[in-house]
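What follows is calculated from the coordinates using simple rules that are stated; it is not laboratory data. Worth saying up front: this structure is predicted, and the values here are computed from it rather than measured. Because the Cβ atoms are built from the backbone with ideal geometry, glycine has one as well, and the counts that use them run over all protein chains shown.
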Amino acid sequence: MAFSANSFQISTRFEKEVFFIRTSGYIDNEAGEKILEAMNEGFGLGARKFLVNFQASPVINSQGVSAIFQLSEQIVDFRKGRLTFVGLSQTAMMVFRNTGLLEVAGSVTTEPEALKELA
């Protein structure tokens with residue numbers, strides 16, 4: 001499935017118990033909502049392990065971070081699932097660390113590393 005919001009794009013795939021969310025473009029409030037919709041799609045398919053790949057989204061504004069925080073709460077706290085981020089830019093990594101996102105989710109460089117972490 002693919003969504004598009006302005007220059008933002010998202011694609012999803014459910015494979016081997018892992019729900020992949022790949023983003024491309026600037027992540028703002030509207031893009032954050034699309035990411036949350038994708039998460040709900042994953043839950044609907046029975047997913048409990050989520051891999052969110054930000055390699056093609058180096059810029060995430062504060063509203064986007066807020067949506068990603070909601071995503072992590074839903075997956076980890078409320079649904080007792082697992083979450084790993086892939087390809088965070090240096091700035092996003094710093095913001096995620098400062099907001100506590102990296103305390104509930106892993107962060108790695110590549111999808112194969114994420115799959116090992118989620119295994």
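Tabulated values for the structure
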read-out	value
Count, lysine Cα pairs under 13 Å in segment 2-118, 8 or more residues apart or across chains	4
Under-5 Å amide H pairs with residue 50, H placed in peptide plane, nonlocal only	19, 82, 83, 84
Antiparallel %, DSSP beta bridges [both residues in the chain], to 5	40 percent
Added length on full extension, which subtracts the Cα-Cα distance from 0.36 nm per residue, residue 55 to residue 97	13.4 nm
Under 13 Å from the residue 77 label point (7 Å along Cα→beta-carbon), backbone N, segment 5-42	none
Option label - Rg and Dmax of the Cα atoms in Å computed here, alternatives (1) 15.5, 49; (2) 13.1, 40; (3) 12.6, 35	(3)
Segment 67-119: Rg to Rh, with Rh as the Kirkwood radius over Cα pairs	0.95
